[in-house]
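Next up is a structure, given as structure tokens.
What follows is calculated from the coordinates using simple rules that are stated; it is not laboratory data. What you see is a predicted model, and the numbers here were worked out from it, not measured in a lab. Glycine also receives a Cβ, built like all others from the backbone with ideal geometry; neighbour counts cover every protein chain displayed.
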Ligand code: AMP
Ligand code: MG
């Protein structure tokens, strides 16, 4: 398939490009586009064939539902029913923005889009280009992250090109995304709101709207977890680089010496090694490649750089990646959730 590449300048949106992309979506094709979280792979959410195409292009298991993106609050009621009051309050506070809500679906939303579930995940993105595209396409775009299933989510158009070029109709290049981690997902379809995936919108922020918000124990960043997460997608290996990723936890000095020791061991076996560190610690490592993910005082930068750094290690043909654990006050849970998943929960305690 021929994939058309177009630039999408958010400061100066070219209506012709939005029209062209909207037409592709209306006709059942697939368009990858930037949002403020990560790049999405869009198809018409109300067209079962479009959703099927998304699963095929991504190589995504068909029981892993898609998030439906809307551009206007009124459109929520076209696809969801029995919407609780708290959901409206959350929409008012966090939409447009990086929050996805799970609600009971109306019959117009095909099972292909919801992975067979009676609920639908809905989000209104903040990104101006995304909002225009949603309106132009008819109002409802199903869009998972625009990566091949299992790979790190794309935060730049080049990541989408690497994974999906030749498999989809169009890629809109809007440059580097702002947040770099996927949206927070909250289940509003049951009695109490439950966070199914941590993200930029934290539990604390959600609790200000509804004090009853809980976190699904299945997504806890605890190792050796026994419960299956409720969001079907969270049970799969995810975000994984080709090299083996190992997270090293503990006190800083010990983390540095443990990582240096492990790196040495692998290098003696002829393996190529990478270290993912902070701006403040990077100089302390001796490895084939050392990457800084940002300063410990700038968690936005850490969040934005994570997926990109994992892909860069792949490009450099690294066999083993050792990463520090990054605990930051606001998005720390979301960052560690992605990092631990990418590592398949392989964690070493620093000695
Ligand atoms: P992605 O689009 O790649 O960010 O993945 C979407 C995430 O939303 C996956 O983890 C899905 O399992 C989750 N999700 C989507 N729809 C639902 C739903 N109806 N119920 C629970 N989780 C959902
Ligand atoms: Mg994804």
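Roughly how large, in nm² to one decimal, is the mean projection of the convex hull of the alpha-carbon atoms in the chain?
17.2 nm²
Report, for the chain, the % of DSSP beta bridges that are antiparallel, rounded to 5.
Around 35 percent of the beta bridges assigned by DSSP in the chain are antiparallel ones.
Another question about this same structure. Would you mind computing, in nm to one decimal, how far apart the modelled labels at residue 135 and residue 345 are, each placed 7 Å from Cα along Cα→Cβ?
With each label placed 7 Å out from Cα toward Cβ, I get 4.5 nm.
Moving on to the next point. I need the shape label for region 301-351. Rule: rounded when a/c is under 1.5, else prolate if a/b > b/c, else oblate, with a, b, c from the alpha carbon gyration tensor.
Cα axes put region 301-351 in the oblate bin.
Counting each DSSP H run of 4 or more residues in the chain as -39500 (n - 2.57), what helix-only mean residue ellipticity at 222 nm follows after dividing by all residues, to the nearest 500 deg cm²/dmol?
Dividing the helical sum by the residues of the chain leaves -9000 deg cm²/dmol.
Determine, from the Cβ-Cβ distance of residue 327 and residue 63 and an R0 of 30 Å, the FRET efficiency 1/(1 + (r/R0)^6), rounded to the nearest 0.05.
The computed FRET efficiency comes out at 0.35.
Using Cα atoms only, what is the angle between the long axis of helix 48-58 and the major principal axis of the chain, expressed in degrees (0 to 90) to the nearest 10?
Tilt of helix 48-58: around 10 degrees.
Below 8 Å, C-alpha to C-alpha, sequence gap of six or more: please give me the relative contact order for region 122-197 in percent.
Computed value for region 122-197: 17 percent relative contact order.
For region 250-351, give me the percentage of DSSP beta bridges that are antiparallel, rounded to the nearest 5 percent.
Looking only at bridges with both residues in region 250-351, the antiparallel portion is about 0 percent.
Listing 67, 17, 83 from the residue with the fewest other Cβ atoms within 10 Å to the one with the most, what is the order?
With the sparsest Cβ surroundings first, the list reads 83, 17, 67.
Moving on. Rounded, prolate or oblate for region 232-325? Axes are the square roots of the Cα gyration tensor eigenvalues, ordered a ≥ b ≥ c, and the cut-off for rounded is a/c under 1.5.
Note, shape of region 232-325 comes out oblate.
State whether region 136-183 is rounded, prolate or oblate according to the following rule on the C-alpha gyration tensor (a ≥ b ≥ c being the square roots of its eigenvalues): a/c under 1.5 gives rounded; otherwise a/b larger than b/c gives prolate, and the remaining case gives oblate.
Note, shape of region 136-183 comes out rounded.
Give the calculated FRET efficiency between residue 108 and residue 190 to the nearest 0.05, with a Förster radius of 25 Å applied to their Cβ-Cβ distance.
After rounding to 0.05, the efficiency reads 0.65.
Could you give the semi-axes, largest first, of the ellipsoid that matches region 157-226, computed as the square roots of 5 times the alpha carbon gyration tensor eigenvalues and rounded to whole Å?
32, 16, 12
Okay, moving on. What is the calculated FRET efficiency for residue 254 to residue 5, with r their C-beta to C-beta distance and R₀ = 41 Å, to the nearest 0.05?
E(calc), rounded to 0.05, equals 0.30.
Round to the nearest 10 and give me the degree value, 0 to 90, for the angle of helix 15-26's Cα axis relative to the longest principal axis of the chain.
80 degrees
Normalised by the number of residues in the chain, what is the relative contact order in percent for Cα pairs under 8 Å and 6+ residues apart?
19 percent
By how many degrees, 0 to 90 and rounded to 10, does the Cα axis of helix 299-315 deviate from the longest principal axis of the chain?
For 299-315 against the chain, the angle is about 80 degrees.
Could you tell me how far the Cα centroid of region 310-338 sits from the Cα centroid of region 68-90, in Å?
Spelled out, the Cα-based centre of one part sits 34 Å from the other.
Stretched out fully, how many nm does the piece from residue 319 to residue 212 gain, at 0.36 nm a residue minus the Cα gap?
Result for the pair: 34.1 nm of gain on full extension.
Also: Distance between Cα centroids, region 179-195 to region 47-67: provide it in whole Å.
Each part's Cα centre sits 21 Å from the other's.
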